[in-house]
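Structure first, commentary second.
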């Protein structure tokens, strides 16, 4: 329990600081901070972590499990969508005025379903996942979280996320396969390749030191950015319709992935790495994709906020389960 509190306290403290300051900061500050972390901070962090990774054993199972988590998340979310429609869908989507045809609410319902699926599947593995995993996990388990995050970022956000946005959205005439063209431009993907290619090379002490500083500096900056973005989210009044996707993202999906990983023989911190990454709160990319593909933009902010709170609440349970029970 002490380990869990120690790992989540930076998330709570720095995110709260960002949330408090976010309303008064100029809009350019989170833009610069976000771009700096996306293009420099997190890629350098990934580069350093990959260089420190021991590739022996089952480490290559991590990206496979990340891919499986995307499929499992989709199946869980799609299977529970009838429940979402019946009890948690906005009333205006359930009512057809006499002067409107049924195609209007049907189209809106599809866009709502697209946002629901994306918010239930995509996790914030880069900022929240690695930010919590780095100070908590052992050196043998941390690479599992790293490779999981890289796979989730490439195949999840820019793969499945773009496909679902294209399929359920409107106003975007690009073929879905063109949306996948962004995957080779993901900086963390190139950082992991560079880290792997230079794994056995020795760098000057200054460069090694800079990489080590970056690993620990990115964590508070990422949490502050999350707090700033949370303070500016629209649609906070939509909490009720975000309950089910929050439940899928932070409870059902990590439990299912833990069962799969446990069945494959993973134990201790390695199992905890999968639980953390599978249960990370909904990524801010869910809102970006909703805006890009003209999906429902009220749902993602609610799920992001709820899943962030839920992640902090259930995180100690994952630590206890993996380190004390499933050993």
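The values are calculated or read from the model by the stated rules, or taken from the named source; none is laboratory data. Note that the coordinates shown come from a computational prediction; the quantities given were computed from them, not determined experimentally. Methodologically, a virtual Cβ is constructed for each residue, glycine included, from the backbone with ideal geometry; neighbour enumeration extends over all protein chains shown.
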Open item on the list: I need the helices (runs of 4 or more DSSP H) fully contained in region 184-299, keeping only those with at least 2 residues that are free of Cβ contacts under 8 Å to residues at least 40 places away in the same chain and under 23 Å from residue 70 (Cα atoms).
Closed with: 187-197, 253-263, 285-292
Open item on the list: What's the number of the only condition in (1) buried (at least 23 other Cβ atoms within 10 Å of the Cβ); (2) out of contact with any strand residue (DSSP E or B) (no Cβ under 9 Å at 6 or more places or on another chain) that residue 253 fails to meet?
Closed with: (2)
TODO: Just name the residue that is surrounded by the most Cβ atoms within 10 Å (Cβ to Cβ) out of those in region 25-79 that are without any contact (Cβ under 8 Å) to a residue 12 or more places away in the chain and within 26 Å of residue 113 (Cβ to Cβ).
DONE: 75
- [ ] Working carefully through the options 62, 66, 77, 48, find the one that is in a helix (DSSP H, G or I), at pLDDT 85 or above and over 19 Å from the mean Cα position of the chain (by Cα).
- [x] 48
Task: Positions within region 106-143 being outside any helix (DSSP H, G or I) and in contact with a helix residue (DSSP H, G or I) (Cβ under 9 Å, 6 or more places away or on another chain), in sequence order - done: 122, 123, 124, 137, 138, 140, 141
Open item on the list: Restricting to region 1-41, give me the number of residues that are assigned to a loop (DSSP other than H, G, I, E, B) and closer than 22 Å to residue 285 by Cα.
Closed with: 4
TODO: Identify, from the list 202, 192, the residue that is surrounded by 14 or more Cβ atoms within 10 Å (Cβ to Cβ), touching a helix residue (DSSP H, G or I) at 6+ places or on another chain (Cβ under 9 Å) and at pLDDT 85 or above.
DONE: 192
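Rundown of residues vs (1) crowded, with 23+ Cβ neighbours inside 10 Å; (2) modelled with pLDDT under 85, yes/no style:
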position: 85; (1), (2): no, no
position: 96; (1), (2): no, yes
position: 130; (1), (2): yes, no
position: 135; (1), (2): no, no
position: 146; (1), (2): yes, no
position: 155; (1), (2): no, no
